[in-house]
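For reference, the structure is listed below as C-alpha cells.
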Amino acid sequence: MNDVLPEESRLWEFFEDTVRDVFRQYGYRNIRTPIVERTELFVRGVGEATDIVEKEMYSFVDAMNGDRLSLRPEGTAPTVRAALEHNLLYGGPQRLWYSGPLFRHERPQKGRYRQYHTFGVEALGYPGPDIDIELLVMTSRLWRRLGIDRVQLQINTLGSREERQAFRGQLIDYFERHLQSLDEDARRRLHTNPLRILDSKNPAAQQMIEAAPKLIDVVGEVTRFKFDAVQAGLRSAGVPFTVNPRLVRGLDYYDFTVFEWVSDRLGAQSAICSGGRYDGLFEQLGGPPTPGCGFGIGVERTLLLVKDIAVVSNMVPDVYLVHRGESADRIAGQVTERLRDAGLSVVMHCGGGSFKTQMKRADASGARHAVIIGDDEAQAGAVTVKPLRDGSQQLRLALDEALGFLKKIRDINGIRS
C-alpha cells in the first residue's frame, strides 16, 4: 500500500475531475458503498473458485458478533447488493458510478498495490447491446479527454452460463491431454475454473493455449447476435477494436460480452479498464433476473499513461498574494477573500518574510500572477499585479480593476472553467 503525496495528488485530482465530468455527460449518477462487506457476498458473487476469493481477499471475523467480513476486492457485487437492498430499480434501470479503494493481497507490481483505487460504472436493468456499446464509447471519450494514446480495445463473448457449462467439458478434455504443458496454477484450476487457464501468462504454455478450443466457435445464435451487434455498434461509432477469443475475466459473474482496454506501455499487466456483462449476478445474490453491464478503471495504472503533466496546470493557484507592512498585513486577508469571491484560486503567504523571500514562494507555487500589497498599496486602496510566467510588465491597479484584469487573463488562458 502506498501514500499519494501532494505533488502527485494534482494529477489524481485532474484525473478524478475528468472522469466524473465524462460520466456526468452520459447520465451516470454516483453511488457509495461500504469498504467492508460480508464475505459471503463475494463468495456468492465473484465465485468460490476464483483467485480473489481463494487467496486475495483481506477477510476477518468480527470480534463482536462473529460475522465473517472482507475488505471489498471489487465494486460490482457491492453495487448490486445495494441495488437489491434498496430496491433501486423499482423506478426503472439505473446508470451508476462509484470510486474508491479496493483491496487484494496480490504481488505488488507496476501500477498495482494491495490497496488500489478504481472508478467503476454499472448499468443495471439494460438488456443491451446498446448499453454495452455506450460503455465502450464512453471510455473511448475518456481516454481522449485524458490525453491517453496507444490504448487498444479487446472484446470477446463468454456466452451464457449454459453455453459455458457445455464448453467446459471440451476444455477440460483438451487440457488433460496436455498436462505436461500446464504449470502448477493451471493444474489447480483445471477442474474448478478451466476458462481461467486461457488467460495464463506462462510463456511456455502459449502455443498450447492458442490451439485450445474456442468458446466463440460453439455459442448459439442468440449469443452471436448480441456479440455481432456490439461489434457493429463500435464500428458505427468509430471505436477500433480486436476480437480476442482468449479474453476471459477473473470473476465468475461475467457472461456474454467482456472487454479490456490494454496498453503496450505497461508490460505484462497491460489492462487499465476491464468489464463486461453480468446478466446472472442479481439472481446469484438472491434477486430477480436483471441484466447488468459495467467496468472498472484501475486509477494507479491509468495514471502511468497520463504523460503530459501540462494538462494539470489547472491545479495550480491563479494568484499568490504577497504582503509586507503593518497596513498591508492588516488587509491582506480581506483582499484575498475578495479575489476568491471573484472565482480566483488564491494562496495567501503566511509566516512572514521579506518581499524577496515571499516572491520566491510565489514563483515556486506555479501561480501565473503575484498580487503584491505593501503599505503604499494599502493606503492607496490598490495592489500590484506581477506576472510570473510570461515576463510582461507589472501593473499597479485599484482592487476592482485588478479583479477584472485577473479574471480576464484567467479566462483567456483557459486555466479554469
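The values are calculated or read from the model by the stated rules, or taken from the named source; none is laboratory data. Keep in mind that this is a model prediction, so the values were computed, not measured. FYI the Cβ positions are ideal-geometry reconstructions off the backbone, even for glycines, and counts take in every protein chain you see.
Tell me the strands (runs of 3 or more DSSP E) entirely within the range 15-115 that contain at least 2 residues that are of a type in the set (A, V, I, L, M). Outline the logic, then answer.
Details: elements: 36-38, 59-61, 68-71, 94-103.
Correct list: 68-71, 94-103.
Given (1) within 16 Å of Tyr126 (Cβ to Cβ); (2) touching a Ser or Thr at 6+ places or on another chain (Cβ under 9 Å); (3) surrounded by fewer than 21 Cβ atoms within 10 Å (Cβ to Cβ), where does Glu283 come up short, assuming only one miss?
Single failed check for Glu283: (1).
Among the residues of the range 356-371, are any surrounded by fewer than 18 Cβ atoms within 10 Å (Cβ to Cβ) and either more than 24 Å from Glu7 (Cβ to Cβ) or assigned by TED's automatic domain parsing to the domain that holds Arg10 (or both)?
yes
Would you confirm whether or not the range 143-153 contains a residue that is crowded, with 19+ Cβ neighbours inside 10 Å, part of a helix (DSSP H, G or I) and under 22 Å from the mean Cα position of the chain (by Cα)? Reasoning before the result, please.
Looking only at the range 143-153, we keep the residues that are crowded, with 19+ Cβ neighbours inside 10 Å, and these are 143, 146, 148, 151, 153.
Checking which are part of a helix (DSSP H, G or I) leaves us with 143, 146.
Now narrow it down to the ones that are under 22 Å from the mean Cα position of the chain (by Cα): 143, 146.
Yes, the range 143-153 contains a residue that is crowded, with 19+ Cβ neighbours inside 10 Å, part of a helix (DSSP H, G or I) and under 22 Å from the mean Cα position of the chain (by Cα).
Is the range 160-181 home to any residue that is of a type in the set (A, V, I, L, M, F, W, C), surrounded by 15 or more Cβ atoms within 10 Å (Cβ to Cβ), in contact (Cβ under 8 Å) with a residue 12 or more places away in the chain and not in a helix (DSSP H, G or I)?
No, the range 160-181 contains no residue that is of a type in the set (A, V, I, L, M, F, W, C), surrounded by 15 or more Cβ atoms within 10 Å (Cβ to Cβ), in contact (Cβ under 8 Å) with a residue 12 or more places away in the chain and not in a helix (DSSP H, G or I).
Listed here are the residues, each with its yes/no results for (1) aliphatic (A, V, I, L, M); (2) in contact (Cβ under 8 Å) with a residue 60 or more places away in the chain.
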site	(1), (2)
Leu195	yes, no
Asp217	no, no
Asp228	no, no
Gly238	no, no
Thr242	no, yes
Val258	yes, yes
Ser263	no, yes
Leu266	yes, yes
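(1) modelled with pLDDT of 90 or more; (2) aromatic (Phe, Trp, Tyr); (3) buried (at least 21 other Cβ atoms within 10 Å of the Cβ): which one isn't true of Tyr126, the others all being true?
So Tyr126 meets the others, but not (3).
Hey, any hits in the range 199-211 for a residue that's buried (at least 19 other Cβ atoms within 10 Å of the Cβ), of a type in the set (Val, Ile, Thr) and at pLDDT below 85?
yes
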